[in-house]
Amino acid sequence: TNFNRALIHREDRIYATIEATAVNPDTPLRLTFDRPVQAGGSGRIRILRASDNTVVETLDLGAAPTRLVGTNPTPYRFLPVMASGNTVTIHPRAATLAYNQSYYVTMESGAILDATGASFTGIADAGAWRFTTRNAGPLPGTASVTVAADGSGDFSTVQGAIDFVPAGNTARVLITVQRGTYAEINYIGSGKPFITIRGEDRAGTIIAYPNNNNFNSGNNRAMFSVDANDFTLETIT
C-alpha cells in the first residue's frame, strides 16, 4: 500500500544515517512515521543483542502481555506499544536491556497500523534500527539521580530510578524527574524506604497511564503504588 511504501522510504532515510548511542537501558523505543498511527492487534516486536543475535525481548501484540513492576511479585498487564499522533512508543519489560551492549529491533506486519487500519510492513533488516546502551549507570550508593524523558538523565523512566535504589537502604535517595510525560506504572516495595521523588515542575512533570480495575484488577489497578515507609512525592502530577 501507499502507507507501506511511504514508511519504508522514511525508514531508509532515517536508519541509513542514525544509530543511537549512549542510550539508557530503560529507555522506551520511539519510531515516528509520516502520518498518524496506532498499535496493531497482531505481530511481534523483537529486540535482539547484536553481538550474538540473541532475542532478549519479544512483545506479542496479539497477546495480553504481563510484566513485573519493581519488587511486586504479582505481574501487571501492560501496553507494549502506545501511539500518539505520528509516533509509537515501544515499552520493553523491565531489566530487558543491559549497559554497554548493542541491540537491534525487528517488527512484524500487523504491529503498527495507520488510521485506516492499513498495516506497516514491518522491519526485518538487522541493520535498520540499531542502538547501543551507555557504558555504565550511576555508582552504587549514589544519593541523587535524575530521570529525563529525552534520555539525558541517569534514567529515562521513573521505575528505572526506583529499581536502582537498593533494598533495605537507610539513607535518603532523591529522584529528580525532569519535565515530560512518563507513561508507566510505578511500584515502590516495602523494602525501599527513604525515597523522595521530586518533579522539576508541578504542571510539567506528569506520570500517566491508562490503568484501571478492568485492565489490572485488585491492588494492581493503581498507577502509582507505594508500600514503603518514609516516602515523599512532591512537585509532580
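The values are calculated or read from the model by the stated rules, or taken from the named source; none is laboratory data. Nothing here was measured: the structure is a model prediction, and the numbers come from that model. Note that each Cβ is placed from the backbone with ideal geometry, even for glycine, and that neighbours are counted across all protein chains shown. Keep in mind that these areas ignore ligands, DNA and RNA; they rest on the heavy atoms of the full protein, side chains included. Shrake-Rupley method; radii C 1.70, N 1.55, O 1.52, S 1.80 Å.
Would you list the strands (runs of 3 or more DSSP E) that sit entirely within segment 110-213 and hold 1 or more residues that are within 16 Å of the chain's Cα centre (by Cα) and within 18 Å of T71 (Cβ to Cβ)?
Numbers: elements: 112-114, 130-133, 144-147, 173-177, 180-183, 186-188, 195-199, 205-208.
Strands (runs of 3 or more DSSP E) meeting the threshold: 186-188.
Taking the residues in segment 191-213 that are polar (S, T, N, Q) and surrounded by 15 or more Cβ atoms within 10 Å (Cβ to Cβ) as candidates, determine which candidate is nearest to E234 (Cα to Cα).
Going through segment 191-213, the residues polar (S, T, N, Q) turn out to be 196, 205, 211-213.
Subset that is surrounded by 15 or more Cβ atoms within 10 Å (Cβ to Cβ): 196, 205, 211.
Values: T196: 8, T205: 10, N211: 22 Å.
Applying the filter and picking the extreme gives T196.
For segment 59-71: of the residues being surrounded by fewer than 16 Cβ atoms within 10 Å (Cβ to Cβ) and either hydroxyl-bearing (S, T, Y) or assigned to a strand (DSSP E or B) (or both), which is nearest to the chain's Cα centre (by Cα)?
T66
Go through segment 92-102 and report how many residues are over 12 Å from the mean Cα position of the chain (by Cα) and either buried (at least 17 other Cβ atoms within 10 Å of the Cβ) or not hydrophobic (A, V, I, L, M, F, W, C) (or both).
The initial filter retains those residues of segment 92-102 that are over 12 Å from the mean Cα position of the chain (by Cα), namely 98-102.
If we keep only those that are either buried (at least 17 other Cβ atoms within 10 Å of the Cβ) or not hydrophobic (A, V, I, L, M, F, W, C) (or both) too, we end up with 99-102.
Residues meeting the conditions: 4.
Step by step: first the residues of segment 72-91, then only those that are open to solvent by less than 40 Å² (accessible area, probe 1.4 Å), of a type outside the set (A, V, I, L, M, F, W, C) and not in a loop (DSSP other than H, G, I, E, B), then the one that is farthest from S190 (Cα to Cα). Which residue is that?
Narrowing segment 72-91 to residues open to solvent by less than 40 Å² (accessible area, probe 1.4 Å): 72, 76, 78, 80-81, 87-91.
Now narrow it down to the ones that are of a type outside the set (A, V, I, L, M, F, W, C): 72, 76, 80, 87, 89, 91.
Next cut, not in a loop (DSSP other than H, G, I, E, B) only: 76, 87, 89.
Working: Y76: 18, T87: 36, T89: 30 Å.
Among those residues, the one meeting the criterion is T87.
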